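Student: Questions regarding the structure given below will be posed in turn.
The values are calculated or read from the model by the stated rules, or taken from the named source; none is laboratory data. Given the structure is predicted, the values throughout are model-derived calculations rather than measurements. All Cβ positions, even for glycine, are placed from backbone atoms using ideal geometry, and neighbour counts span all protein chains on display. When the accessible area is computed, the model is the full protein with side chains, heavy atoms only, and any ligands, DNA or RNA have been set aside. Shrake-Rupley method; radii C 1.70, N 1.55, O 1.52, S 1.80 Å.
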Amino acid sequence: MSSKKYALLVKDLGKKYSIYDSPISRLKNLIGINLDFLVSKRAVGSIKKTIWSLQDINLEIEHGKSLGIIGRNGSGKSTLLQLLCGTLDPTTGTVIRNGKIAALLELGSGFNLDFTGKENIYINASILGLSTSEINDRYSKIVEFADIGDFIDQPARTYSSGMVIRVAFAVMAHVDADILVIDEALAVGDAIFTQKCMRFIREFQKTKTIVLVSHDISSIQSLCSDTLWLKNGAIELFGDTKSVTEAYQDFVFKELYGSASKNSNTSKNKLAGIPGTLISETNNLSSGWKTGLCEITSSSLVSLEPDQINLYKGGETVRLSITIRALEDLQNPIIGFIIKDKLGQIIAGENTSSSKIFKDFALLKSNEVTTNFEFGLPLLASGDYAISISIATGNLMNLVQHHWVHDAHIINVYSPIERYGLVGLDIKSINSNS
Amino acid sequence: MTNKYNNSNHKPQTNPIELIRSIYANRGLIVTLSKREISGRYKGSYFGILWSLLTPLIMLTIYTLVFSEIFKVKWNPIESAANEKKIQFALIIFSGMIIFNFFSEIISRSTSIIRLHTNYVKKVIFPLEILPIILICDAGFHALISFSILIIGIITTGTLEPLKILLLPLFLFPYVILCLGISFFISSIAVYIRDSGQAVSLLITALMFLSPIFYPLSAVPKKFNNLIALNPITYVIEKIRGDLFFNYSHDIYSLITYYLASILVLIVGFHFFQKTRLGFADVL
């Protein structure tokens, strides 16, 4: 059979949800009888409305390839995963799976909390197709992987959520699955266990197939060979991870900045000499606060490296421009920015108070001034970062913020090499003397 | 088995062969979950599994007391009182109770079995069709203990040809098939209709008095005979008693009818279950 070379073969897959008046209407619909006309006039109308949450999905995933699925909330990612696993029944189309599929949709969700860890291991492993003797052989390995000590003989309801996840993942890792489906589950668990899982996954995907749903573009980029971008229940783009994630990033920028795409056209004209420049402008100046003394009218972030598209890798020279307008006469303004990571931790920041440019400077009412910061972007670890900008007056002891813009720019950093901690080091050389 | 994972078609098979295949493929799971179900019931209690023995014994004592001491009922009014021992009366009632309890336990628990395992419906790929089978195994285990007590009781108080014990499975097998079929139907319909639990518990109480448990079928007025024969547990109670106590001769045609009817109920019940399970995830 030619389809054998594919781990997953999806044809014309669609899922329609029908909203029924009552569970009984649904039952009638399922068994194919409708007796409503006997009882009342409302024979038609047991189905109130239908929603296609997924439509026209066609996928071919070869053995050994790994599929990432991205898309905004509600785009149908989880529905697709459930259809791939078989917990949901498709309305149209087929899913062919060549191999045993193990899902980590919600880690530990197949657990019965009244049962002990040991009983849950036996039950979960049997659900995943192991015979009792096979489980007996692997039991000690599973327990060793889970590493939760004597808790294994306690009811699962006494477990912390981390322990449930450890046991669940340990089972998944020992059932000889051919396809592993993971839904944002990797972020949980402590660092040591996460490392153990990642080691397992990297080994696993050498020969077998992983399907991963994540909002974390960098983990998709590091784990998946192909990526599917879902938008409103349909395939927006499907192809190699690099091109799809880049297109997705473009889309996210446009969504974030709305009409800013118009602005970036004008600024691209200004920068016509540097084709393929990474640029982000913001008109999204509404989140934050203003005092009414002055305001930030525009801001842009431009990479000064040639031929850089979509992704920062850290270390490149960038220019952050902030234009302010005085609504009243303004004395000695201080313009600054901070770079925050996904958790809101401030990584770095700078302002004009350290420089001489605004010393004894007055900006008359209705006048504008643009400040350019040119700096080397820190060697950030892969992930999303936000830049907040502000205009203030006073001195650093007694600062009055006049206009603060949260997350004026969102940048995505994808480092080709692993960086430890918040920022990488700019290593000049590594020597050894013996 | 070769096709186990390559299921391009999600629609559950509704034919009875699929049921047999599933029982075979999931035998390990059925054993694990049934064991757990049996031992889990009394887990943490002082007497533990002894309760499975104590409960029928105590019930037996109560029935003996109420019916032969207070009501002074005789099983067979024609026979002289001297021929009928109190203990035999109790054992006759006990045999009926075993059959009835098996039925009532399976049916009443069927109303909640899917709801109690929502995880298995929505979160993992679980062979839901084995849940009623686990109910059967659990109830069957307790029925077996009770039957052992019954047979020990009959042997110690009277005589029993060993051959007759061998006949028991002949009557019990179609009964198990019948209960499984009803269980498939009830467990599915209870997911959609929440009132099922109430209706079923009422029905079970009614059945307890409408079945020939506390009285012989011969005591029922002739005009109700057809009605009471429709009761699914009447036949098997009468046959078991006829076999163990009264040396009735067995009529092969009614037995064949009972087999055919039971198998039909199972086929229809399983078909209904498989047809309707697709909607479980949407309702739960």
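Student: Which condition number in (1) part of a helix (DSSP H, G or I); (2) in contact with a strand residue (DSSP E or B) (Cβ under 9 Å, 6 or more places away or on another chain) is the one that B:Val124 fails?
Tutor: (1)
Student: Quickly run through the stretch B:29-41 and pick out the residues that are farther than 16 Å from A:Thr116 by Cβ and open to solvent by less than 50 Å² (accessible area, probe 1.4 Å).
Tutor: Residues satisfying the conditions are B:Leu29, B:Ile30, B:Ser34.
For (1) away from chain B (no Cβ under 14 Å); (2) over 27 Å from B:Ile23 (Cβ atoms); (3) part of a loop (DSSP other than H, G, I, E, B), each residue gets a yes or a no:
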| site | (1), (2), (3) |
| --- | --- |
| A:Glu119 | no, no, no |
| A:Ser126 | no, no, no |
| A:Val143 | yes, yes, no |
| A:Val164 | no, yes, no |
| A:His174 | yes, no, yes |
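Student: Search the stretch A:418-434 for residues that are touching a residue at least 60 places away in the same chain (Cβ under 8 Å) and of a type in the set (Asp, Glu) and pair each with any residue that is part of a loop (DSSP other than H, G, I, E, B) and surrounded by 10 or more Cβ atoms within 10 Å (Cβ to Cβ) when their beta-carbon atoms are under 9 Å apart and the residues are at least 6 apart or on different chains.
Tutor: A:Asp426/A:Gly315; A:Asp426/A:Leu379
Student: B:Phe214 fails exactly one of the following numbered conditions: (1) modelled with pLDDT under 90; (2) closer than 25 Å to B:Leu131 by Cβ; (3) more than 14 Å from chain A (Cβ to nearest Cβ). What is the number of that condition?
Tutor: (2)
Student: Starting from the stretch B:204-222, keep only residues that are over 21 Å from B:Ser108 (Cβ atoms), then list their pairs with residues that are open to solvent by 70 Å² or more (accessible area, probe 1.4 Å) whose Cβ atoms are within a distance under 9 Å, requiring at least 6 positions of separation or different chains.
Tutor: From residues that are over 21 Å from B:Ser108 (Cβ atoms), the pairs are B:Ala219/B:Pro77; B:Val220/B:Leu227.
Residues checked against (1) more than 27 Å from A:Arg325 (Cβ to Cβ); (2) part of a strand (DSSP E or B); (3) of a type outside the set (A, V, I, L, M):
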| residue | (1), (2), (3) |
| --- | --- |
| A:Asp384 | yes, yes, yes |
| A:Ser390 | no, yes, yes |
| A:Thr393 | no, yes, yes |
| A:His406 | no, yes, yes |
| A:Ile410 | no, yes, no |
| A:Pro416 | yes, no, yes |
| A:Gly421 | yes, no, yes |
| A:Asn433 | yes, no, yes |
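Student: Condition check: at the interface with chain B (Cβ under 7 Å from one of its Cβ atoms), open to solvent by 10 Å² or more (accessible area, probe 1.4 Å), part of a helix (DSSP H, G or I) and more than 16 Å from B:Ala25 (Cβ to Cβ). Does A:Tyr139 satisfy that?
Tutor: No, not satisfied.
Student: Shifting gears a bit: Criterion first (away from chain A (no Cβ under 14 Å) and either surrounded by 14 or more Cβ atoms within 10 Å (Cβ to Cβ) or modelled with pLDDT under 85 (or both)) does B:Ile149 satisfy it?
Tutor: Yes, satisfied.
Student: I'm told B:Tyr46 meets every condition in (1) open to solvent by 90 Å² or more (accessible area, probe 1.4 Å); (2) modelled with pLDDT of 80 or more except one. Can you identify the failing condition by its number?
Tutor: (2)
Student: Does the stretch B:233-250 contain at least one residue that is touching a residue at least 60 places away in the same chain (Cβ under 8 Å), among the polar types (S, T, N, Q) and surrounded by 12 or more Cβ atoms within 10 Å (Cβ to Cβ)?
Tutor: Checked against the condition, which is being touching a residue at least 60 places away in the same chain (Cβ under 8 Å), among the polar types (S, T, N, Q) and surrounded by 12 or more Cβ atoms within 10 Å (Cβ to Cβ), the stretch B:233-250 yields no hits at all.
Student: Shifting gears a bit: Can you give me the number of residues within the stretch B:202-212 that are open to solvent by less than 60 Å² (accessible area, probe 1.4 Å) and part of a helix (DSSP H, G or I)?
Tutor: 4
Student: So, B:Ile38, is that one assigned to a helix (DSSP H, G or I), touching a residue at least 24 places away in the same chain (Cβ under 8 Å) and within 12 Å of chain A (Cβ to nearest Cβ) or not?
Tutor: So B:Ile38 fails the test.
Student: Here's something else I'd like to know. Kindly indicate the residue of the stretch B:117-137 that is touching a Ser or Thr at 6+ places or on another chain (Cβ under 7 Å) and at the interface with another protein chain (Cβ under 7 Å from one of its Cβ atoms) and also farthest from A:Asn124 (Cα to Cα) among those meeting that condition.
Tutor: Among them, the one singled out is B:Lys122.
Student: Right, another one. Any idea which residue in the stretch B:109-145 is surrounded by the fewest Cβ atoms within 10 Å (Cβ to Cβ), counting only those that are among the hydroxyl-bearing types (Ser, Thr, Tyr) and modelled with pLDDT of 90 or more? Lay out the reasoning, then the answer.
Tutor: Looking only at the stretch B:109-145, we keep the residues that are among the hydroxyl-bearing types (Ser, Thr, Tyr), and these are B:110-112, B:118, B:120.
Next, only the ones that are modelled with pLDDT of 90 or more stay: B:110-112.
Details: B:Ser110: 26, B:Thr111: 23, B:Ser112: 15.
Among those residues, the one meeting the criterion is B:Ser112.
Student: Just name the residue that is nearest to A:Leu67 (Cα to Cα) out of those in the stretch A:210-250 that are touching a Lys or Arg at 6+ places or on another chain (Cβ under 7 Å) and surrounded by 22 or more Cβ atoms within 10 Å (Cβ to Cβ).
Tutor: For the stretch A:210-250, the residue satisfying everything is A:Val213.
Student: Shifting gears a bit: Please determine whether any residue of the stretch A:327-341 is under 31 Å from the mean Cα position of the chain (by Cα), at pLDDT below 85 and under 15 Å from A:Pro378 (Cα atoms). Write out each step before concluding.
Tutor: Residues of the stretch A:327-341 under 31 Å from the mean Cα position of the chain (by Cα): A:336-341.
Cutting the leftovers down to at pLDDT below 85 gives us A:340-341.
Next, from what is left, pick out any that are under 15 Å from A:Pro378 (Cα atoms): A:340-341.
For the stretch A:327-341, residues under 31 Å from the mean Cα position of the chain (by Cα), at pLDDT below 85 and under 15 Å from A:Pro378 (Cα atoms): present.
Student: Restricting the stretch A:88-108 to residues that are touching a strand residue (DSSP E or B) at 6+ places or on another chain (Cβ under 9 Å) and farther than 25 Å from A:Thr207 by Cα, which is surrounded by the most Cβ atoms within 10 Å (Cβ to Cβ)?
Tutor: This residue is A:Pro90.
Student: Within the set of pairs 6+ apart or on separate chains, which have a first residue in the stretch A:318-334 that is part of a strand (DSSP E or B), a second that is of a type in the set (Asp, Glu) and open to solvent by 10 Å² or more (accessible area, probe 1.4 Å), and C-beta atoms under 6 Å apart?
Tutor: Pairs that qualify, where the first residue is part of a strand (DSSP E or B) and the partner is of a type in the set (Asp, Glu) and open to solvent by 10 Å² or more (accessible area, probe 1.4 Å), are A:Arg319/A:Glu374; A:Thr323/A:Glu368; A:Arg325/A:Glu295; A:Arg325/A:Glu368.
Student: Condition first: more than 23 Å from A:Pro23 (Cα to Cα) and either at pLDDT below 85 or buried (at least 21 other Cβ atoms within 10 Å of the Cβ) (or both). Can you find one or more residues in the stretch B:253-265 that meet it?
Tutor: First, pick out the residues of the stretch B:253-265 that are more than 23 Å from A:Pro23 (Cα to Cα): B:253-265.
From what is left, the residues that are either at pLDDT below 85 or buried (at least 21 other Cβ atoms within 10 Å of the Cβ) (or both) are B:262.
Yes, the stretch B:253-265 has at least one match.
Student: Take B:Leu29 and decide whether it is facing chain A (nearest Cβ under 10 Å) and either modelled with pLDDT of 85 or more or not in a loop (DSSP other than H, G, I, E, B) (or both).
Tutor: In short, yes.
Student: A follow-up question, please. Please find, among B:Arg194, B:Arg277, the residue that is over 19 Å from the mean Cα position of the chain (by Cα) and surrounded by 14 or more Cβ atoms within 10 Å (Cβ to Cβ).
Tutor: B:Arg277
Student: Residues in the stretch A:342-372 that are of a type in the set (A, V, I, L, M, F, W, C), open to solvent by less than 50 Å² (accessible area, probe 1.4 Å) and either in contact with a Ser or Thr (Cβ under 8 Å, 6 or more places away or on another chain) or at pLDDT below 80 (or both): how many?
Tutor: Residues meeting the conditions: 2.
Student: Regarding B:Lys222, is this residue of a type outside the set (A, V, I, L, M), under 30 Å from A:Tyr20 (Cβ atoms) and surrounded by fewer than 18 Cβ atoms within 10 Å (Cβ to Cβ)?
Tutor: Answer is no for this residue.
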